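Asker: Dumping the structure here so I can ask a few things about it.
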Amino acid sequence: MYLSVLLPSILALGALYKKKITLSGIIAAWLMGIIITYAGGIPAFIALALTFILTILSDKLKKDKDDECRNIYQIFSNVLTACVCTILFYIKNADIFMVMYYAVIGSSLADTFASSFGSLSKGEPRHPLTFKKMRKGESGAVSYLGVCASILAGFIIGAVYYVTTGYLTNYLIIILMGLLGAYFDSILGAYVQGKYQCKVCKKQVETPYHHDKECNLVKGLRFMNNDTVNLLNNVLVFIITYLLLK
């Protein structure tokens, strides 16, 4: 029991020291970390810690680092669904929910890797469905390097599950869901995430305010920001993984 509190506390203190998450975000991450470690065990915490550490490291690859300090909404959108998986595992004592946990966590890291490594791609990214060229950094844009990075993320997180259980089929499913999760995120980003035009610089941005001025919505839904897309993507991975293993 004490490790369920100690390990997330160490991770939270590290985030506080590095100033990578806001205080409210750290509290939320700490509480969900305790739940995940207690309900899912040490391997579940290792997967969570790997996701956090690799996310922070991959952020260094981005040219635009304005979003490095994550807030409580970003924490909930990326961790809440995974937390629910461990709670269901604890209640039902069914391995299917742990596979779902690793699939969801792997999907979150895969999306981050796809974005971070994809920013290094020399070629122009493509639309996830029409394959038309898109601007670098635009929501929904897909690159070959980003796809490879998303597979790598699923491989890393899935390895934690495989080492502790030895179930190869489920390991492959976790890798697959990492890739599909990142792809789902791109589709949602391309079609439903709100995109705005700044009234000052005329650039297309993803926030309703830019240069302290309200922007014009030019595409997508106003309430559908990046955090909402991430949460919806995690829920989709949750459902699809459950249906695959049921």
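Asker: Can you give the direction-averaged projected area of the convex hull of the alpha-carbon atoms in region 4-50, in nm²? If you can, show how the numbers build up before the last one.
Answerer: Working: hull surface 10.9 nm².
Mean orientational projected area (region 4-50, Cα hull): 2.7 nm².
Asker: Related question: For a quick check: with amide H placed at 1.01 Å from N, whose amide H comes under 5 Å from His210's, ignoring anything fewer than 5 positions away on the same chain?
Answerer: Here Cys215 satisfy the definition.
Asker: Next question, about the same structure. Could you tell me how far the Cα centroid of region 139-155 sits from the Cα centroid of region 38-109, in Å?
Answerer: 17
Asker: At a 10 angstrom cut-off on C-beta neighbours, averaged per residue, how do the peptides 93-104, 168-179, 197-208 rank from highest to lowest? Could you put the intermediate results ahead of the total?
Answerer: Details: 93-104: 23.2, 168-179: 21.2, 197-208: 13.5.
Ranking the peptides 93-104, 168-179, 197-208 by packing returns 93-104, 168-179, 197-208.
Asker: If you line up the long axis of helix 95-118 against the longest principal axis of the chain, both from Cα atoms, how many degrees apart are they, to the nearest 10?
Answerer: 30
Asker: Add -39500 (n - 2.57) for each DSSP H run of 4 or more in the chain, then divide by its residues: what number comes out at 222 nm, to the nearest 500 deg cm²/dmol? Intermediate values should be presented prior to the final figure.
Answerer: Working: 8 runs with 164 residues, N = 246.
Taken over the chain, the calculation gives -23000 deg cm²/dmol.
Asker: If the cut-off is a Cα-Cα distance under 16 Å, which lysines reach Lys133, setting aside same-chain residues fewer than 8 apart in sequence?
Answerer: Qualifying lysines at Cα under 16 Å: Lys122.
Asker: Where the only charges are on Cβ atoms (+1 Lys, Arg; -1 Asp, Glu), what is the dipole of region 94-190 about its Cα centre, to the nearest 20 debye?
Answerer: Numbers: 6 positive and 5 negative charges, 94 e Å.
Dipole of region 94-190, to the nearest 20 debye: 440 debye.
Asker: Using the eigenvalues of the Cα gyration tensor, what equivalent ellipsoid semi-axes result for the chain when each is taken as the square root of five times the eigenvalue, whole Å, largest first? Intermediate results must be reported in sequence, preceding the final value.
Answerer: Numbers: eigenvalues 181, 87, 49 Å².
Output for the chain: semi-axes of 30, 21, 16 Å.
Asker: Normalised by the number of residues in the chain, what is the relative contact order in percent for Cα pairs under 8 Å and 6+ residues apart? Before the final figure, lay out each step's value.
Answerer: On the way: 435 pairs, mean separation 44.9, N = 246.
It rounds to 18 percent for the chain.
Asker: What's the angle, to the nearest 10 degrees (0 to 90), between helix 42-59's Cα axis and the longest principal axis of the chain?
Answerer: 20
Asker: Quick one: grab Rg to one decimal and Dmax as a whole number for region 16-147, Cα atoms only, in Å.
Answerer: Values for region 16-147 (Cα only, Rg and Dmax): 16.3, 48 Å.
Asker: Next up: In terms of Cα to Cα distance under 24 Å, which lysines are near enough to Lys19, apart from those fewer than 8 places away along the same chain?
Answerer: Within the straight-line cut-off, Lys19 pairs with Lys60, Lys62, Lys63, Lys65.
Readers should treat all values here as calculations from the given coordinates under stated rules, not as data from a laboratory. Keep in mind that what you see is a predicted model, and the values were worked out from it rather than measured. Positions of Cβ are generated from backbone atoms using ideal geometry, with glycine treated the same way; all protein chains shown enter the neighbour counts.
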